[in-house]
């Protein structure tokens, strides 16, 4: 595959979210299978190269520079998952390296041995993108280096991680000559007739990485087993072809870098455009300006919703606009909100007399600057306490039960999305009277009393049959007056301003599970329009959220199609020989 072909393929498949990482893996896969460059009959065949490697190892043993090794277990081409190219040879890693050395034991290095500005120690964290990047705190002085001299790195060595992301490796250059191999690394020393960069390319390829990952040992911290590494069978190309492969990999990886940079810049520009467009929608100075920004956004909707994050931002903007009176027109013929709230107050007073509802505590008057935003003249800010006819009431926390017909209590997960999900419940030991308020009934509005700061206060309403579910102690339940729209109030309860209010006012000893109390819930400020407008807003929000659902489904379909196309393109390129591959240079 040449750069022009890669560009052509990328233009078709770039919508797949992992297109460039997949292309990088694909390039490495082609490289180690001999499908990246042409074979040349003039190259010294790999079997002859292996003979030279063995001769060099025998000489080093005779000179006492390395110890004698066990007779090699010769590799077979049948052990490879692909067909060997002409001039190639199946070989084990043990056959092509001179020495494999483990870094010093952890007990050999103490905290007192490290010093700032000393000789770098190479641990797995230092091996990044086939380069050795020293960690400032991981360095030793001359005395420690001399004590551990047998672990000093030499130019041409390969340093390999044996912990964490195993197989990460890099070639030691003259700049790193004399640095110290750390406890979590291995040193691979090669004969002069093997190109170190090719072995690094080989080890970074998908099939070797999968082999190493599948062969790791250890439960909590996996380690690379040396004997398994040495037994690994690879396809060894002629030395000249090793150099051509590495040069082609470098060329194509540089192209991937440019594609990635261009993609990142394109996505960054698009993100800025999306943020700017939504910000203009949220902050239109007047009705005509708002309509102009809205036309621009919806006319360019396909270009502005290319990721799920964009659609989520659009959903949040829809809620913001809905709760600021910018989604539907106001109608001067609607009953004023002040009259609506007076009628609800009269209803509450009757319930207080009947001891169904607790008396309202006197609220401290809110200052104008404390309110989230300005509202249309026909609207009014009101606390949640001013529109409820029951609650808040905390749920219960009975013990779990294994009996199949035991009562069902919903879990926090049932409302975490902001919508009630009846699939999330557990059977519990409880004997609850049929008329108990611990049973959910249609119209109940639930708030999460405790959760992470991101989700505490999350609201969902129940519309199912009565006495099907209990609700847990980590939730609070309220019931609204029928003179307001439950669905509208729910929109206000899950909108960004309400989410920010709950996150800010949640408290508790456990940072992972902050809580809100009933007082905090009752003081939640909601923007209340006339009832008729509440209903118009709910209808418009549901219409736009359905549009978001369709956009999200289409985006998922597009990404799935792009991923399938990517897989097909890569499979075709991997399994079919191109014209250049069918030709052998004479």
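Odds and ends about this structure:
- Calculated Rg and Dmax of the range 437-536 using C-alpha coordinates, Å: 13.9, 44
- Taking the DSSP beta bridges with both ends in the range 355-529, the antiparallel portion is around 90 percent.
- Computed from the C-alpha gyration tensor, the three semi-axes of the ellipsoid equivalent to the range 357-503 are 30, 16, 13 Å, from longest to shortest.
- Here the average projected area of the convex hull drawn through the C-alpha atoms of the range 16-141 stands at 13.0 nm².
- Considering the range 14-79 at the alpha-carbon level, its Rg and Dmax are found to be 18.8, 58 Å.
- Both numbers refer to the Cα atoms of the range 44-237; Rg and Dmax are 17.1, 55 Å.
- In plain terms, the residue of 181, 548, 373 with the fewest other Cβ atoms within 10 Å comes first and the most crowded comes last, giving 373, 548, 181.
Taken together, the values in this text are just the output of simple stated rules run on the coordinates, not laboratory data. Nothing here was measured: the structure is a model prediction, and the numbers come from that model. Using ideal geometry, Cβ is built from the backbone for each residue, glycine included, and neighbour counts are taken over all protein chains shown.
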